[in-house]
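Worksheet: one structure, shown below.
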Amino acid sequence: MTGSLRTGTRIGELSAEERAVYATLRPEHLPQHVAIIMDGNGRWAGSHSFKRFLGHQQGAKSVQQVTETASRIDLPWLTLYAFSIENKLRRPRAEVSFLMRLLKAYLESNLQRMMDNNVRIRYIGRTHELPPDVQEKMSWAADATAKNTGTTLTLALNYGGRAEIVDSFRALAAEMQQKQIPFDQVSEADIHRHLYTAHMPDPDLLIRTSGEMRLSNFLPWQTAYTEIFVTERLWPDFRGIHLLEAIADFQGRERRYGGLGKNSGAVDEETECAPVVVS
């Protein structure tokens, strides 16, 4: 069953191609949170015989276009893996420096578009380790968009999933010591409360571009039951319509969270008493 096209003004801002895909969706069952591993900038540049920095520049354009489509369909949360701890440690210094300048330029040049689209920007990661001038620009954009009420765009910067869990455990250990909380009373909720993402729901859908079949240390705790969509399309070629196509695929899945699906077959009372034979 397909959803009817909403009459809201933001849906009207979608392109004709995007509206055609959106018309097949069930608006009441949109994911609350979509996370994206933006991969393929370097390969895109190489395939066009461009320098790597041009791939990153084109990738930044994709960020804004996808964010605007997300805002037009009222997607509450969009989280993008922009810069990992491994990027900082293992990429050439010149490339890292360029990425930091690109981040500042992106925030400066797209702030008004974020305001026009009611987008609020936030960040997760060890952002305190980024250059001071970059942190200042990040704070400037976050403060300017803080009162916006549409899509929350979260950029994962100097982010690592294992580092996030370590930071969560450190914060929890300090709290336990201060409040005299016994170890055997620690719950998943206590750990979650100290994650960078404690203020947002876990992702319903994780999109990875460039065809790679791995999480790359991105939100390992939060994606325990996340649906994963992998596309061969490189990030600089990814657009809003491709976000909608991924959501359409997501809506065709059955999320079971470890339980039985609708087509799993009936479970009768004899199952509980049936002998188990292992040969």
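What the table below lists for this structure:
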| read-out | value |
| --- | --- |
| All positions within region 84-94 that are surrounded by fewer than 16 Cβ atoms within 10 Å (Cβ to Cβ) and within 19 Å of Gln58 (Cβ to Cβ) | Ala94 |
| Residue that is surrounded by the most Cβ atoms within 10 Å (Cβ to Cβ) [pool: residues in region 38-83 that are among the basic types (Lys, Arg) and within 27 Å of Val119 (Cβ to Cβ)] | Arg72 |
| Which listed residue, of Thr197, Thr223, is of a type in the set (Val, Ile, Thr) and closer than 22 Å to Gln64 by Cα | Thr197 |
| Elements of type helices (runs of 4 or more DSSP H) contained in region 170-277, each with 2 or more residues being modelled with pLDDT of 95 or more and either in contact with a helix residue (DSSP H, G or I) (Cβ under 9 Å, 6 or more places away or on another chain) or of a type in the set (Asp, Glu) (or both) | 188-193, 240-251 |
| Single condition Tyr22 does not satisfy, out of (1) among the hydroxyl-bearing types (Ser, Thr, Tyr); (2) within 23 Å of the chain's Cα centre (by Cα); (3) within 30 Å of Met138 (Cα to Cα) | (3) |
| Flag if Ser97 is without any contact (Cβ under 8 Å) to a residue 60 or more places away in the chain, of a type outside the set (Val, Ile, Thr), loosely packed, with under 14 Cβ neighbours inside 10 Å and within 18 Å of Val134 (Cα to Cα) | yes |
| Residues of region 17-39 satisfying the condition of being in contact with a strand residue (DSSP E or B) (Cβ under 7 Å, 6 or more places away or on another chain) and of a type in the set (A, V, I, L, M) | Val34, Ala35, Ile36, Ile37, Met38 |
| Filter pass, Arg101 being within 20 Å of the chain's Cα centre (by Cα) and either basic (Lys, Arg) or modelled with pLDDT under 95 (or both) | no |
| Search result, residues across region 153-169 that are of a type in the set (Ser, Thr, Tyr) and assigned to a helix (DSSP H, G or I) | Ser168 |
| Selection status of Leu75, touching a residue at least 24 places away in the same chain (Cβ under 8 Å) and outside any helix (DSSP H, G or I) | yes |
| Condition check for Phe83: free of Cβ contacts under 8 Å to residues at least 24 places away in the same chain, not in a helix (DSSP H, G or I) and not hydroxyl-bearing (Ser, Thr, Tyr) | no |
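The values are calculated or read from the model by the stated rules, or taken from the named source; none is laboratory data. Bear in mind that the values here come from a model prediction, so they are computed numbers and not experimental data. Virtual Cβ from ideal backbone geometry, glycine too; neighbours counted across all protein chains shown.
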